[in-house]
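Notes to accompany the following structure.
The values are calculated or read from the model by the stated rules, or taken from the named source; none is laboratory data. Computed from a predicted structure; not experimentally measured. Note that we place each Cβ from the backbone using ideal geometry, even for glycine, and neighbour counts take in every protein chain shown.
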Amino acid sequence: GSGGFRKRKHDNFPHGQRREEKENVNPSSALMTSFKSFQLELDTRHDKYERLVKLSRDITIESKRTIFLLHRFTSAPNGEEILNESEVKLDAVRRKIKQVAQELIGEDMYQFHRAISPGLQEYVEAVSFQYFIKTRSLISVEEINKQLIFTAEDREETTNMTSNSHDKQPHTWSLKVTPVDYLLGVADLTGELMRLCISSVGNGDIDTPFELSQFLRQIYDGFTFIGNTGPYEVSKKLYTLKQSLAKVENACYTLKVRGSEIPKHMLADVFSTKTELIDQEEGL
């Protein structure tokens, strides 16, 4: 009441007595044993989380390199070589995802989802981009998950896993891409398709922009059905998707109205100028 601070209970005990109490703690007691086990469990989980973050970073980097390679498809003299090389790179990415699946054996994937989600989104973007170049359609999440079922190919991997010696069946690991990661990867795909449209116009390809416009419109219509009912990340990327669609539609408009007037080697410059004007008007 006089404005002074209240003493804590342990302040009434001398420091020497408190130090003596700490020294008298039995390290082999049930309480200390429980806390040591908790410490070991938390350290193990933290180390696994950090390993998954590093693997996800490697998956992201290799997937980006695959996307950069696929952008050369329109200008390369032999597109099959680009597709074959991209398949080799994606196989290397899947080997990284296999390590992620091995790390998550016996674990709840959603406890480590934030660690692996960026890599999975980038992988979905790379796979769907390659699939679109091949088939002009969108790959399904079921087809992606079929590619993420792995088996042990050598004895070393088999002996490292804890199993019974009489079990002769091959070990399998699988990692499923969640619907949210799939949607976010498809949303990022639209930006790559917009860049593909620019490069196609620069190479004199008149048909590809119209195909991309129709395809992006279908994707945009699908995302609008989700609306605000989906995750926050999905609704946030809807604006970027709309911008990509507007740029592709503007390219189609330019080709349709002024395509016969402008030489093919100047179409890309005209389209790039109009794209910059759209960005300035919308404050990007």
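Screening GLY191 with (1) surrounded by 11 or more Cβ atoms within 10 Å (Cβ to Cβ); (2) modelled with pLDDT of 85 or more; (3) out of contact with any helix residue (DSSP H, G or I) (no Cβ under 9 Å at 6 or more places or on another chain) gives one miss only, at (3). Looking only at the stretch 203-259, residues that are under 21 Å from ARG72 (Cα atoms) and part of a loop (DSSP other than H, G, I, E, B) come to 4 in all. In summary, LYS54 fulfils each of the numbered conditions (1) under 24 Å from THR172 (Cα atoms); (2) free of Cβ contacts under 8 Å to residues at least 24 places away in the same chain; (3) in a loop (DSSP other than H, G, I, E, B) with the single exception of condition (3).
For every residue, the table says whether it meets (1) at pLDDT below 95; (2) assigned to a helix (DSSP H, G or I); (3) surrounded by 16 or more Cβ atoms within 10 Å (Cβ to Cβ).
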| residue | (1), (2), (3) |
| --- | --- |
| LEU90 | no, yes, yes |
| VAL93 | no, yes, yes |
| ALA101 | yes, yes, yes |
| GLY106 | yes, no, no |
| TYR110 | yes, yes, no |
| TYR123 | no, yes, yes |
| ALA126 | no, yes, yes |
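Restricting the stretch 132-142 to residues that are without any contact (Cβ under 8 Å) to a residue 12 or more places away in the chain and part of a helix (DSSP H, G or I), the residue that is farthest from THR178 (Cα to Cα) is THR135. Among the residues of the stretch 207-230, those that are surrounded by 15 or more Cβ atoms within 10 Å (Cβ to Cβ) and either within 25 Å of the chain's Cα centre (by Cα) or not hydroxyl-bearing (Ser, Thr, Tyr) (or both) comprise PRO209, PHE210, GLU211, LEU212, SER213, PHE215, LEU216, ILE219, TYR220, PHE223, GLY230.
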